[in-house]
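K.L.:
Attaching a single structure in structure tokens format; questions to follow.
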Amino acid sequence: MTTLIFKAAALRPIVEHALSCREHVPTFAMQLTPAYWREGVKIAPGGWPKPEDLDLSKVPPHLQLVKDDGVYLMSSGSPRLLDPASPAPGRSLVVYAEGMAPEDGWDAWQILGGDDFVEQVDLAFVKKAIDLGAENIRIKITATRFTLEFDSPKAAPSRMKKRGG
């Protein structure tokens, strides 16, 4: 099992952005859900929807757990929330898991496997944790599921099963 730890206070801007947007970018898995396609779109068996096949207004607000150059959470909102402090123009605001930022090195995040991924994270749970005063949000990952947890000085510890059985 791997545990990712995120500072709750740092997540507030991306949570607020996701909640404020009318359109949301789906994860790869969500793109295969017909409920998020434009009306009348048909995808051939084994096919993949094109960007113009998706109706971003049907995609629910969520956070995205991303593994590529580090492991981080970002808003699903469109247009993207840009990082005003980034020297690279057009870079999204993201919150890295502790010890999983680019400067921590490639080996640090390989504990999650060699492939890049994007997974949907429950926005309501993270918002509630922040509102209750959580200091940290933890995502525990196994081969078959991940769970969200937080510690809050205002409430008892909370957990939520997210994937698998």
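K.L.:
Any residue at all in segment 75-91 that's closer than 15 Å to LEU4 by Cα and among the hydrophobic types (A, V, I, L, M, F, W, C)? Explain how you work it out, then say what you get.
P.N.:
Residues of segment 75-91 closer than 15 Å to LEU4 by Cα: none.
No; the residues of segment 75-91 include none that is closer than 15 Å to LEU4 by Cα and among the hydrophobic types (A, V, I, L, M, F, W, C).
K.L.:
Residue by residue through segment 15-65, note down the ones that are in a loop (DSSP other than H, G, I, E, B), of a type in the set (D, E, K, R) and under 30 Å from ILE137 (Cβ atoms).
P.N.:
ARG22, ASP55, LYS58
K.L.:
Let me ask something else. Considering only residues that are under 16 Å from the mean Cα position of the chain (by Cα) and not hydroxyl-bearing (Ser, Thr, Tyr), which ones fall in segment 92-106?
P.N.:
Keep residues of segment 92-106 that are under 16 Å from the mean Cα position of the chain (by Cα), which gives 92-98, 100-101.
If the condition is that a residue be under 16 Å from the mean Cα position of the chain (by Cα) and not hydroxyl-bearing (Ser, Thr, Tyr), then LEU93, VAL94, VAL95, ALA97, GLU98, MET100, ALA101 are the ones that fit.
K.L.:
On to the next question. List pairs: first residue in segment 77-89 and closer than 22 Å to ARG22 by Cα, second residue part of a strand (DSSP E or B) and among the aliphatic types (A, V, I, L, M) anywhere in the structure, Cβ distance under 9 angstrom, at least six positions apart or on different chains.
P.N.:
Pairs that qualify, where the first residue is closer than 22 Å to ARG22 by Cα and the partner is part of a strand (DSSP E or B) and among the aliphatic types (A, V, I, L, M), are ARG80/MET74; LEU81/MET74.
K.L.:
For the subset of segment 75-113 comprising residues that are at pLDDT below 90 and not in a loop (DSSP other than H, G, I, E, B), which member is surrounded by the most Cβ atoms within 10 Å (Cβ to Cβ)?
P.N.:
Only one residue tops the list, namely TRP109.
The values are calculated or read from the model by the stated rules, or taken from the named source; none is laboratory data. Every value quoted in this text rests on a predicted model; they were computed, and no experiment measured them. Reconstructed Cβ throughout: ideal geometry from the backbone, glycine too, with neighbour counts over all protein chains shown.
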